[in-house]
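The values are calculated or read from the model by the stated rules, or taken from the named source; none is laboratory data. Keep in mind that this is a model prediction, so the values were computed, not measured. Please note: Cβ atoms are built from the backbone with ideal geometry, for glycine as well, and neighbour counts cover all protein chains shown.
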Amino acid sequence: MLLDFFPSRRLTIYLAKTFVVRIVAVLAMLVLVLLMLDMLGKTGDILAIDGNGEAEIWKYASLRGPQLVARFLPYSVLLATIITLAGLNQNSEVIAMKAAGLSAHQILAPLLLMGMIVAVISFAFNERVVTRASATLKAWEAVEYAAVPEDPAVRSNVYFNDGNDVLMAANASGRAENTVLTDVTFYERDDAGMITRQVSAGRATFAAPGWQMDNADVFVVSTAQTSELPQIVVAPGVEIGQVELRRVDPDAETLSELSQSIDALQSAGRRTSELEAKWWHKISGPLSAVLMPLLGAVAGFGLARSGNLFIRAVIGMALGFAYFVVDNAALAMGSFGGYPPLLAAWGPFFLFFLVGETVLIRTEE
């Protein structure tokens, strides 16, 4: 009986195929246009670096493209919904389906099913492709397009404060307790801010607490003498949370990696509301593809000959874009602590789901 929610097999395939073709067409149009506009502003910066050429331009396009696909896929689903339903309404196909006894929900069922499939594909694409592309692109932009870093997770020229003391490193790699600092220098300072001791080493690892430096050179300022120590632990106040706090980019981390970052920050007593909201939004964001057919459904019903088809299409578009506005506003409020992370990520989705259902039931059912 559950399958009675869908129309006939042939009609389901027809509606689903029509919907998917329009999603792909709209998405391709948006991504190509926006990518060309973006590259107009970036090509000069890329080619300004000696040695960069056409290959680097294509490299930028391959890294920027997945970001644009992830961002504008929900918009493409919304526009494809309006185009599909408006076309069906204009050709009296909706009237024919209703005359055959189909309800508005049954007409929308194939679109909702394809929206769910698109949401799953979007989630997998974000986790496997977009996060890596974002990490690589941001690391490349950090060096002003000089060279594509082999490991985007490696950060250069990092420093951390431990009271008056300063811990500096040329590079930081690894995650959580496996973080490794290379070319490390620790400056021990007095209350006046003057350096009293300098400790240098090739690498340092997290010692819980502090950072263990191997084969360290210790220079004492007061005696101007240098000594060597096989091991020394410095900067006990520099926790993993401080290291993670300076490196966490939710857009460049997968769901599991972001979970680890949140746990590390929480263990250091850091506020993680913004990151928790982004964690939940990695799930709720792709599901907006399921919501778009419901919000754009108003464009598919009503009499086309009444002259209100354009107005209905505008209303559907307005509902869809209103969702994105409220969604971004809720995430911003979650970042400031105004909303709990769960509410910031899921509140707009359920709110507009109820709005879409209300509009559909009151006007068509």
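Comparison of 98, 138 shows that the only residue that is farther than 30 Å from residue 55 by Cα and assigned by TED's automatic domain parsing to the domain that holds residue 18 is 98. Can you tell me which residue among 94, 158, 148, 118 is within 26 Å of residue 226 (Cα to Cα) and either modelled with pLDDT under 80 or touching a helix residue (DSSP H, G or I) at 6+ places or on another chain (Cβ under 8 Å) (or both)? Step by step, each of 94, 158, 148, 118 is checked, and only 158 is within 26 Å of residue 226 (Cα to Cα) and either modelled with pLDDT under 80 or touching a helix residue (DSSP H, G or I) at 6+ places or on another chain (Cβ under 8 Å) (or both). Just one of the listed residues (53, 41) is without any contact (Cβ under 8 Å) to a residue 24 or more places away in the chain, in contact with a Leu (Cβ under 8 Å, 6 or more places away or on another chain) and either loosely packed, with under 12 Cβ neighbours inside 10 Å or of a type in the set (Asp, Glu) (or both), and it is 53. Would the stretch 295-310 turn up any residue that is over 19 Å from residue 112 (Cα atoms) and either of a type in the set (Asp, Glu) or at pLDDT 90 or above (or both)? No, there is no match, as no residue in the stretch 295-310 is over 19 Å from residue 112 (Cα atoms) and either of a type in the set (Asp, Glu) or at pLDDT 90 or above (or both). The number of residues in the stretch 266-285 that are in the same structural domain as residue 335 (by TED's automatic domain parsing) and at pLDDT below 80 comes to 0.
For residue 79, the conditions (1) in contact (Cβ under 8 Å) with a residue 40 or more places away in the chain; (2) over 22 Å from residue 125 (Cβ atoms); (3) among the aliphatic types (A, V, I, L, M) are fulfilled apart from (2). Is there a residue in the stretch 211-232 that is surrounded by 14 or more Cβ atoms within 10 Å (Cβ to Cβ), within 30 Å of residue 263 (Cα to Cα), within 37 Å of the chain's Cα centre (by Cα) and at pLDDT below 80? Scanning the stretch 211-232 turns up no residue that is surrounded by 14 or more Cβ atoms within 10 Å (Cβ to Cβ), within 30 Å of residue 263 (Cα to Cα), within 37 Å of the chain's Cα centre (by Cα) and at pLDDT below 80. Within the option set 334, 338, 347, being in the same structural domain as residue 73 (by TED's automatic domain parsing) and either surrounded by fewer than 16 Cβ atoms within 10 Å (Cβ to Cβ) or more than 21 Å from the chain's Cα centre (by Cα) (or both) holds for one residue only, 338.
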